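Peer 1: Submitted below is the structure of interest, expressed as C-alpha cells.
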Amino acid sequence: MKKVTDKVKRSVYYATTLTGVVALALVVTLFSKSADRKREQIQQYMNEQVTGDGGEESLYTMEDVPTHEITMEEQPGTGEIPAFAEDDADAGEQDEQPAGYDGETKLDWPVTGNVLLPYSMDTTVYFKTLDQYKCNPAVLIEAKQGDSVSSVAAGTVTGKESGGETGTTVSVDLGNGYTAIYGQLDKVTVGVGDRVQERTILGKVAKPSRFYSKEGSHLYFEMQKDGKPVNPMNLLK
C-alpha cells in the first residue's frame with residue numbers, strides 16, 4: 001500500500017513540475033512577443049517623426065533646415081577664416097547715390113523772371129535800397145510774392161536759416177563741391193537732410209526783406225563751388 005502511495009506522489013510531483021515549466025515557457029514567450037511589438041511600435045513612431053508622417057508634431061528633416069553657404073575670406077595676418085555668405089543677393093548692397101552735378105550741364109531756372117541785380121564779384125553794382133555800390137555773389141531774379149521756387153538740380157538740403165538780408169534761406173548740396181542757395185523764401189517745404197530732385201518745390205517767394213524793399217519781390221539765387229561764389233548765369237539755361 002505504501003508503494004502505491006509513493007508512486008502517486010511522484011506522479012503528482014512530475015505533473016506539477018511539468019505544468020510549471022510549461023507555464024513559465026508560455027509567460028516568457030508572451031513577454032518576448034509583447035516586447036517585440038513594443039519595439040516595433042516605437043520604431044514606427046520614430047520613423048514617422050523623421051519622415052514627417054506624424055502630423056503637426058513631426059520633426060524637421062535635414063532638407064527642411066535652412067543652411068548658409070560658408071565661404072573663406074582671406075584676412076591679413078590671420079590666414080583664412082570662414083564667413084557666412086548672404087542669402088539675400090541684395091543684402092549688404094548700398095543704395096547707389098547720384099554722381100552729383102558736373103558743372104557743365106545747364107540748369108533750369110528756379111523761377112521765371114528778369115534779373116534785377118546781376119552777379120558781380122569783380123566789380124560793384126548799385127543797390128537801390130542800400131543806396132550803395134557793392135559786390136553781389138548772387139543774382140536777384142524778379143518774381144511775384146507767392147511764386148513757387150524749385151530746385152535747379154538733385155541734391156541734399158544742408159541748411160535752412162533766416163537772416164536779415166536774404167530772409168529765409170535754403171542751401172542744397174548738389175555734389176562735386178557745388179551748392180545752390182535760395183534766399184527770400186516763404187512757406188519752405190523741405191528740411192535739413194531732405195533729398196530733393198530737379199524741379200522739387202522748395203517753397204514760395206516771400207515779401208522782400210528790408211535790405212531789398214526798393215528792388216521789389218524776387219528770389220536771391222547763389223551758386224557756390226567749393227564754398228566760393230560762381231556766376232549762376234554761366235550755369236543756368
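Yes/no per residue for (1) closer than 24 Å to Glu215 by Cβ; (2) among the hydrophobic types (A, V, I, L, M, F, W, C); (3) touching a Phe, Trp or Tyr at 6+ places or on another chain (Cβ under 7 Å):
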| residue | (1), (2), (3) |
| --- | --- |
| Lys160 | yes, no, no |
| Gly167 | yes, no, no |
| Asn176 | no, no, yes |
| Thr189 | no, no, no |
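Peer 1: How many residues, within the range 157-184, are under 17 Å from Gly227 (Cβ atoms), small (Gly, Ala, Ser) and surrounded by fewer than 21 Cβ atoms within 10 Å (Cβ to Cβ)?
Peer 2: Residues meeting the conditions: 4.
Peer 1: Here's something else I'd like to know. Criterion first (of a type in the set (Ser, Thr, Tyr), under 16 Å from Arg195 (Cα atoms) and touching a residue at least 24 places away in the same chain (Cβ under 8 Å)) does Ser151 satisfy it?
Peer 2: Yes.
Peer 1: Next up: What about Gly164, is it under 30 Å from the mean Cα position of the chain (by Cα) and in the same structural domain as Asp131 (by TED's automatic domain parsing)? Give the steps one after another, and end with the answer.
Peer 2: Values: under 30 Å from the mean Cα position of the chain (by Cα): no; in the same structural domain as Asp131 (by TED's automatic domain parsing): yes.
No; evaluated as a whole, the condition is false for this residue.
Peer 1: Do we find that Glu198 is under 15 Å from Val139 (Cβ atoms), within 37 Å of the chain's Cα centre (by Cα) and of a type in the set (Asp, Glu) in this structure?
Peer 2: Considered against the rule, which asks whether it is under 15 Å from Val139 (Cβ atoms), within 37 Å of the chain's Cα centre (by Cα) and of a type in the set (Asp, Glu), Glu198 comes out as no.
Peer 1: Something else: Looking at Glu161, is it closer than 24 Å to Asp131 by Cα and not aliphatic (A, V, I, L, M)?
Peer 2: So Glu161 fails the test.
Peer 1: Within the range 115-122, does at least one residue satisfy the condition of being in a loop (DSSP other than H, G, I, E, B), modelled with pLDDT of 95 or more and polar (S, T, N, Q)?
Peer 2: No: zero hits.
Peer 1: Moving on to the next point. Residue by residue through the range 188-237, note down the ones that are within 29 Å of Glu104 (Cβ to Cβ), of a type in the set (Lys, Arg) and touching a residue at least 24 places away in the same chain (Cβ under 8 Å).
Peer 2: Arg195, Arg199, Lys225, Lys237
The values are calculated or read from the model by the stated rules, or taken from the named source; none is laboratory data. Predicted model only: the values in this text are computed from it and were never measured. For neighbour counting, all protein chains shown are included, and Cβ atoms are generated from backbone atoms with ideal geometry for every residue, glycine included.
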